[in-house]
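Before any comments, here is the structure.
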Ligand code: NAD
């Protein structure tokens, strides 16, 4: 049961007894969110690609340091059937799903006239399609239980655009539309759905696009970091995965029960400009 632990801190949220899926949690933001939910006592299903030994080491480390059960599901979310099976497998294994964090995502940077069609298709399938297929599979069970939290990792690029990111910006704008729709459908059933919109977070996904951006703009790596990435972020620092874990935990709390359909920027002021 989710309770507020007022004895130690009014802001400490317990997720004891809750079952959470975090897609794309073998790395970066997803792993930061999985850590936060596990630390709050939730059972957590990890998902994502990567070296099996490294994933098992991460799973074991999380299991060692938290009270809940921590498992791993290898669903490849480019595949719609896998995205649904991630949820149905969890319900079979744990008896329910309370929290679904749709976080897995990829990026590709290119001028639109050269944008590879297969990259467009993959970005729509993973960044937008998987969020739909997993949410579709989870929604009925959450609705029947009268409680659920669906949290979609969108981006500031779900709210505004940058050049050379046509597929990503389109998919993330779609994620926010999907979020609002699920929120309306869940509003009377205790199921909230919100989008978290980070600015730049230092993760492998950002590292990977530095070289591509440098190439697309004809500038150096340092110029990409200082003049492109952090130029738009008034805080002049990267958002941390711990901050995104804390925001997600709050959205899972009872205090956030009336927050639904929101696209919440966590961007150091970027979209305030
Ligand atoms: P990351 O590359 O560090 O992690 C991505 C995760 O998705 C990994 O666990 C990876 O294994 C998983 N993944 C990739 N393809 C998959 C597939 N086919 N099936 C299942 N899992 C797959 O990226 P990140 O920076 O942590 O990004 C996480 C999310 O946050 C993404 O949706 C991204 O768009 C969003 N985001 C990131 C930033 C940023 O600055 N890093 C900013 C805004 C939004």
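Any read-out appearing in this document is the output of simple, stated calculations on the displayed coordinates, not a laboratory observation. Computed from a prediction, not measured in an experiment: that's the story for all the values here. FYI the Cβ positions are ideal-geometry reconstructions off the backbone, even for glycines, and counts take in every protein chain you see.
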Order these by the 10 Å Cβ neighbour count, fewest first: 217, 18. 217, 18
With Cα coordinates, the longest principal axis of the chain makes an angle with the long axis of helix 130-145, in degrees rounded to 10, of 20
Counting only C-alpha contacts under 8 Å and six or more residues apart, can you give the relative contact order of the range 110-246 as a whole percent? 25
Ranked by Cβ crowding within 10 angstrom, fewest neighbours first, how are 197, 74 ordered? 74, 197
The chain: relative contact order in percent, alpha carbon pairs under 8 Å with at least 6 residues between: 19
GNM flexibility winner over the chain from 233, 188, 209 (Cα, springs under 10 Å): 188
Dividing the surface of the Cα convex hull of the chain by four yields a projected area in nm² of 14.2
Taking Cα atoms only, helix 204-217 is inclined relative to the longest principal axis of the chain by an angle, in degrees rounded to 10, of 20
Would you mind ranking 202, 270, 147 by Cβ crowding within 10 Å, fewest neighbours first? 202, 147, 270
Contact order normalised by residue count of the range 82-156, Cα under 8 Å, 6+ apart, percent: 50
Give me the percent of DSSP beta bridges within the chain that run antiparallel, rounded to the nearest 5. 5
GNM on the chain, Cα springs under 10 Å; top mean-square fluctuation among 47, 226, 76 goes to 226
To test your reading of the geometry: what angle, between 0 and 90 degrees and rounded to tens, separates the Cα axis of helix 52-65 from the longest principal axis of the chain? 50
Across 127, 103, 227, the residue with the highest GNM fluctuation in the chain (Cα network, 10 Å cutoff) is 227
